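Quick notes on the structure that follows.
The values are calculated or read from the model by the stated rules, or taken from the named source; none is laboratory data. Since the structure is predicted, the reported quantities are computational estimates derived from the model, not experimental observations. Cβ placement follows ideal geometry from the backbone for every residue including glycine, while neighbour counts extend to all protein chains displayed.
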């Protein structure tokens with residue numbers, strides 16, 4: 001496999017070199033014809049004009065497509081700038097420490113207080129819980145899917161994963177609300193089953209597809225020789241898959257987990273329906289409110305320009321910072337992986 | 001250990017079967033013709049989801065009309081034109097960031113940008129513009145991938161025959177990358193149909209039947225938002241399950257279409 005890849009690369013490199021030279025000589029020929037020969041100046045002039053028109057005709061699509069490409073950058077900049085501009089005032093007014101580490105959120109009380117530590121901790125705990133449940137199941141499924149499954153079951157599992165990824169989050173929320181919430185209520189004899197536990201279970205299911213998909217890709221990229229060597233040394237196939245393949249694909253698996261974390265921390269609509277939406281400090285069997293659900297639930301009635309509304313933007317900003325950190329980790333993981341592969 | 005692997009794979013499949021089975025079991029009995037063909041009325045105390053079905057359709061149209069040229073253009077720039085490596089990596093980095101941003105943040109920024117700053121009313125237009133930012137990376141990525149699979153020799157052949165770059169792209173490269181663009185569109189439509197958090201404050205909660213032009217600037221709930229409203233604010237779980245069935249059917253259809261387009265892409269190349 002390796003030598004084939006290399007020759008492919010070389011060929012492609014050569015191809016581009018050849019085309020580059022062709023283009024160069026094409027440009028050169030046009031200019032070389034012009035100087036000196038007095039009789040040909042008129043013709044050359046016309047040619048030049050034609051070339052110029054053609055060049056302008058080529059420039060227009062180029063510029064248009066460049067603008068399209070830059071729009072993506074503009075969107076990112078607009079999102080960051082607007083979140084910062086609208087998130088800073090409330091933080092400034094409340095005080096950064098009081099805002100981030102205050103434990104009481106009472107935005108509509110007569111003497112309002114805006115501490116979002118409960119939201120941050122809930123988001124962190126909820127995501128951690130989802131990872132603890134979702135990663136083992138997702139990873140095991142990925143190993144089975146990538147290494148052991150016969151064609152037919154593999155096709156079934158692949159379709160199932162694809163469909164799980166496609167189900168809208170409100171549908172997860174609805175099923176969780178109707179099945180999980182009463183179930184937890186009866187199981188633990190609570191007054192309401194809308195708890196952090198319900199949200200964790202829903203999130204765990206929702207991050208499964210991302211974990212499985214990315215892990216499967218990473219596991220399938222593990223060179224066969226590694227596994228063959230391990231089996232030749234007397235390991236069973238399951239041992240090989242779990243100890244050799246998973247280890248070789250660890251950076252890909254790590255990025256699948258980080259991706260899952262990103263999905264879980266940003267999810268709003270599914271968990272707003274199952275988590276009870278009360279600004280408690282988090283507890284497994286308490287009604288809680290996440291960063292995302294705090295925004296979703298209060299934004300519709302917060303008056304424009306009020307401190308409450310501005311504080312919601314600040315929560316958005318904090319969430320954005322979290323997401324950026326997660327993206328940063330993901331990027332370094334992916335970069336580390338590609339450079340690691342080049343070395344080996 | 002082997003058993004455990006089997007069990008986990010089985011759990012994944014069982015989850016899906018259970019979810020689909022339960023939703024169909026609860027939803028199909030409530031999926032009546034009047035529900036699908038009328039609008040909700042407080043006077044007659046009836047509930048209908050026709051407005052929400054139409055709103056979903058409207059928002060797909062608005063978003064796709066805007067996002068398709070932009071994202072295909074961006075992909076063409078990245079694969080065909082760009083010579084500046086730094087610029088390419090900046091644009092690609094930006095699309096990666098856009099993929100990672102959660103939808104509630106898009107909702108917040110969409111509300112700030114389109115309803116507050118640009119003065120649009122809550123409605124399909126503001127919602128659609130918000131979704132444009134969200135689904136842009138999806139189409140850019142699939143288009144880029146399929147542009148890359150168009151053999152270099154095709155382009156060289158066209159250049160050798162004297163065709164200009166834009167002419168080559170228009171007549172040779174794009175037609176050969178069509179399947180990838182179609183797949184991207186299908187995936188994007190899937191995301192639009194399933195989206196809710198980004199639309200809460202941009203497209204709004206309105207459950208009234210509007211025509212297309214009116215809906216652009218009046219609060220209009222799509223199917224997902226309507227599901228949320230009926231389930232958690234009005235306590236109408238039967239209606240919510242009926243909507244869930246409609247959503248699941250659309251999801252199944254989209255998955256099937258995307259699969260079909262993807263397979264066609266593979267066999268033709």
Checklist line | the range B:84-96, subset more than 18 Å from residue A:83 (Cβ to Cβ) and facing chain A (nearest Cβ under 7 Å), residue nearest to the chain's Cα centre (by Cα) | finding: B:95
Notebook entry, point to check: What number of residues within the range B:58-71 are surrounded by 16 or more Cβ atoms within 10 Å (Cβ to Cβ) and either more than 8 Å from chain A (Cβ to nearest Cβ) or over 25 Å from the mean Cα position of the chain (by Cα) (or both)?
Noted result: 9
Next item on the list: Grab the helices (runs of 4 or more DSSP H) fully contained in the range A:1-104, keeping just those with 1 or more residues being in contact with a helix residue (DSSP H, G or I) (Cβ under 9 Å, 6 or more places away or on another chain), modelled with pLDDT under 75 and over 30 Å from residue B:137 (Cα atoms).
Entry: A:2-32, A:41-94
Check: Given the structure, is residue B:163 out of contact with any strand residue (DSSP E or B) (no Cβ under 9 Å at 6 or more places or on another chain) and over 30 Å from residue B:123 (Cα atoms)?
Finding: yes
Notebook entry, point to check: Is there a residue in the range B:9-28 that is at pLDDT 85 or above and more than 14 Å from chain A (Cβ to nearest Cβ)?
Noted result: yes
Margin query: Please determine whether any residue of the range B:104-112 is within 20 Å of residue B:148 (Cβ to Cβ) and more than 8 Å from every other protein chain (Cβ to nearest Cβ).
Written below: no
Item checked: residue B:246 touching a residue at least 40 places away in the same chain (Cβ under 8 Å), surrounded by fewer than 17 Cβ atoms within 10 Å (Cβ to Cβ) and in contact with a strand residue (DSSP E or B) (Cβ under 9 Å, 6 or more places away or on another chain) -> no
Next item on the list: May I ask you to list the residues in the range B:74-83 that are at the interface with another protein chain (Cβ under 8 Å from one of its Cβ atoms) and free of Cβ contacts under 8 Å to residues at least 40 places away in the same chain?
Entry: B:77, B:82
Item checked: Residue check, residue B:187 surrounded by 18 or more Cβ atoms within 10 Å (Cβ to Cβ), in contact (Cβ under 8 Å) with a residue 24 or more places away in the chain and in contact with a strand residue (DSSP E or B) (Cβ under 7 Å, 6 or more places away or on another chain) -> no
Note to self: Give me the helices (runs of 4 or more DSSP H) completely within the range A:256-344, filtered to those with at least 2 residues that are within 21 Å of the chain's Cα centre (by Cα) and more than 10 Å from chain B (Cβ to nearest Cβ), ordered by residue number.
What the structure shows: A:307-343
Next item on the list: Could you grab me the full set of residues in the range B:216-228 that are over 17 Å from residue A:181 (Cα atoms) and either crowded, with 24+ Cβ neighbours inside 10 Å or modelled with pLDDT of 90 or more (or both)?
Entry: B:220, B:221, B:222, B:223, B:224, B:225, B:226, B:227
Note to self: Looking at the structure I just gave you, is residue B:99 surrounded by fewer than 19 Cβ atoms within 10 Å (Cβ to Cβ), more than 24 Å from the chain's Cα centre (by Cα), under 30 Å from residue B:249 (Cα atoms) and modelled with pLDDT under 90?
What the structure shows: no
